[in-house]
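Where a number appears in this text, it was derived from the coordinates with a stated rule and is not lab data. What you are looking at is a predicted structure, and each value in this text was computed from that prediction instead of being measured. Reconstructed Cβ throughout: ideal geometry from the backbone, glycine too, with neighbour counts over all protein chains shown.
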Amino acid sequence: MEEPHVFSSQTKMHIAMYLWLAIGHITPCIQLSNKLAKRGHRISIFIPTRTQSKLQHLNLYPHLISFIPITVPHVEGLPHGAETTSDVDPSHHPILMTAMDRTEKQVEDLLIQLKPNIVFFDFTHWLPDLARRLGIKSVQYFVAGLVAKAFLTCREITKGLAARNNNPSGFPDLSIRLHMHEEKYIEKLKGFEFGSGVRFVDRLEWGAESSDAVAFKNCREMEGPFVDYLEKVSGRRILLSGPVIPESLTSTTLEPKWDRWLARFKHGSVIYCAFGSEFKLELSQFQELILGLELSGMPFLVAVKPPKGYDSIEASLPEGFEERVRGRGIVHGGWVQQQLILKHSSVGCFVTHCGSGSMLEALLSHCQLVLLPAIFDQIINARMISERFKAGVEVKKGEEDGFFTKESVYEAVKSVMNQESEIAKEIRANHANLKNILLSNNFESSYIDNFCHQLQDLLK
């Protein structure tokens, strides 16, 4: 290829992106692309062919942001036509990763054709070497999980996990304590094979070591000490894109049936519960969740997938549940407009699984937060918000088995919805402080501007 162009701070970049084939990974990258395109940079996002139509509405700058079709090859054990994690059971995720690895020649051909300056990736650990051969810089970009990655990949941290409650050497002492079942989960995750015979943790480490930079969708105000620690133990500078707040849905209105239902209840009285577009609870935990909300005596709207092994919500409800909560409680198995529901004046509490996107929407809302995480980065998100910032209450789980009960759900909701309790007052004040920081003037734009300058520095 030609000699790299010397970039000035005014030079516009062309960035390609190829992230894990999950809507929860691709969507934040489109949102980041909107921020970059607003500043005149060109973005090419590699998205499977049929999935593109589901995401096109998020592209606010189609003259600068292009969706580049990728054909996901069939791998034995993968359902025919599967393109993203939403098309498969979680047990098939490693096979989908294998299929993604087998797109390497497609990606190489596209990079040769497109000639971007930089390519973003997360789990495709082979991409940095490919990019280097083509004279392209590579950035390992994570849409979530800076602290989770630190726990998972930094040996100085993971060595210390065996001694429970001990603070690993040099790790920021910020009350991120893991329970016994979580420590076991981390150990299992470190040995987890995630496609093509490669361990998940090795994908993270190899990608970080061979890329030109490592970046996160985070800000120092939330995770600054952990950024410093990662930089210290890795010897590499960490780039931060800031929170990447989705554009406001001012042109969209809440679906009338939900608007009418929510309008029946007084200000701040409704509990809204959602666990993302893909996660499924076990039947017993699903029932404990909704029985706990029933125990609260408050109106509630639950939007979750049917539990594992069930095709419908109706078939999995406890006996007599529908009759008991009729008029004040709804359990819905389909998609809802979460951002708009969280803005509704009747909604006062958000029970969330603490996924990256939902966590940001939660912090930007006026709702009291009840945290019920499922997988590792969600657990760390929940611990940060509940223990470091004291801006939410986490539902208590069994120390060894990790299960919650209807009583623990009820207690968490009760503690934040009792307007006069000291806990609720403290949480409300701390949540408001975080929200004010995230929405303060020039907060996000300064992060994006600085992120662009750091990317341009890679090209000099």
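Net charge in the neighbourhood of THR71 (other residues with Cβ under 12 Å of its Cβ; Lys, Arg +1, Asp, Glu -1) is +1. With the simple spin-label model, which puts each label point 7 Å out from Cα in the Cβ direction, the GLU407 to HIS267 separation comes to 3.6 nm. Between helix 180-190 and the chain there is an angle of about 20 degrees, using the helix long axis and the longest principal axis of the Cα atoms.
Remark: segment 58-67, residue by residue, has Karplus-estimated 3J(HN,Hα) of 7, 7, 8, 9, x, 6, 10, 10, 10, 8 Hz, where x stands for each Gly or Pro and the curve is 6.51 cos²θ - 1.76 cosθ + 1.60 at θ = phi - 60°.
Each part reduced to its alpha carbon centroid, segment 84-128 and segment 270-339 end up 35 Å apart. Rounded to the nearest Hz, the phi-derived 3J(HN,Hα) couplings of segment 225-236 under the Karplus curve 6.51 cos²θ - 1.76 cosθ + 1.60 (θ = phi - 60°) are x, 6, 4, 4, 5, 4, 4, 5, 7, 9, x, 10, where x marks glycine and proline. Calculated translational diffusion coefficient of segment 308-393 (10 °C, 1.306 mPa s; Stokes-Einstein with Kirkwood radius over alpha-carbon pairs) equals 109 µm²/s.
When the helices in the chain are scored as -39500 (n - 2.57) per DSSP H run of 4 or longer and the sum is shared across all residues, what 222 nm value do you end up with, to the nearest 500 deg cm²/dmol?
Numbers: 19 runs with 191 residues, N = 460.
Calculated mean residue ellipticity at 222 nm is -12000 deg cm²/dmol.
Neighbour counting of Cβ atoms within 10 Å sorts the residues TYR185, TYR229, fewest neighbours leading, into TYR185, TYR229.
Pairs to check: LYS188/LYS414; LYS54/LYS390; LYS12/LYS54; LYS305/LYS397; LYS54/LYS396; LYS54/LYS257. Give those whose C-alpha atoms are more than 25 Å from each other in this structure.
Working: LYS188/LYS414 34 Å; LYS54/LYS390 37 Å; LYS12/LYS54 28 Å; LYS305/LYS397 21 Å; LYS54/LYS396 36 Å; LYS54/LYS257 23 Å.
Checking Cα-Cα distances, LYS188/LYS414; LYS54/LYS390; LYS12/LYS54; LYS54/LYS396 exceed 25 Å.
Our estimate of slack between ASN433 and GLU400, defined as 0.36 nm per intervening residue step minus the Cα-Cα distance, is 8.5 nm. Put simply, the amide H of PHE403, placed in the peptide plane, has neighbours under 5 Å in GLY398, leaving out anything fewer than 5 places away on its chain. In units of the rule-of-thumb radius 2.2 N^0.38 Å, segment 256-439 shows an alpha carbon radius of gyration of 0.95.
As a proxy for reagent exposure, ranking SER86, SER91 by other Cβ atoms within 10 Å from fewest up yields SER91, SER86. Phi angles of segment 95-102 translate, via the Karplus equation with coefficients 6.51, -1.76, 1.60 and θ = phi - 60°, into HN-Hα couplings of 5, 5, 5, 4, 4, 5, 4, 7 Hz per residue; Gly and Pro are given as x.
Applying the criteria of a DSSP loop state and at most 12 other Cβ atoms within 10 Å to the trypsin sites (Lys or Arg not before Pro) of segment 11-106 yields no site. Between SER345 and GLU221, the simple label model (points 7 Å from Cα in the Cβ direction) yields a spacing of 2.7 nm.
Amide H contacts under 5 Å for VAL331: VAL302, restricted to partners 5 or more places along the chain or on a different chain, H placed in the peptide plane at 1.01 Å from N.
Listed by Cβ neighbour count within 10 Å, with the fewest neighbours leading, VAL351, VAL393 appear as VAL393, VAL351. With no solvent and one equal point scatterer placed on each C-alpha of the chain, evaluate the Debye formula and give log10 I(q)/I(0) for q = 0.10, 0.14 Å⁻¹, two decimals. Values returned for q = 0.10, 0.14 Å⁻¹ are -0.76, -1.52.
Return the FRET efficiency for the residue pair ARG50, GLU319: r is the Cβ-Cβ distance, R0 is 51 Å, and the value is rounded to the nearest 0.05. Walk me through the numbers on the way to the answer.
Working: r = 40 Å, r/R0 = 0.79.
For R0 = 51 Å, the calculated efficiency reads 0.80.
Once the Cα atoms are used to define both axes, helix 200-210 deviates from the longest principal axis of the chain by about 40 degrees. Helix 283-296 and the longest principal axis of the Cα set of the chain meet at an angle near 50°.
Expressed as a fraction of 2.2 N^0.38 Å, the rule-of-thumb size for a compact globular protein of N residues, what is the C-alpha radius of gyration of segment 269-349? Let's see the in-between values first.
Values: Rg = 12.1 Å, N = 81, 2.2 N^0.38 = 11.7 Å.
With N residues counted in segment 269-349, Rg over 2.2 N^0.38 Å equals 1.04.
Using 0.36 nm per residue, how much length does the chain from GLU426 to VAL336 gain when fully extended, once their Cα-Cα distance is taken away? Please report the intermediate quantities before stating the final value.
Details: separation 90, 0.36 × 90 = 32.40 nm, distance 3.00 nm.
Result: 29.4 nm gained on full extension.
Which FRET efficiency value, to the nearest 0.05, do you get for LYS232 and GLN454 by plugging their Cβ-Cβ distance into 1/(1 + (r/R0)^6) with R0 = 22 Å?
On the way: r = 18 Å, r/R0 = 0.84.
Once the sixth-power term is evaluated, E becomes 0.75.
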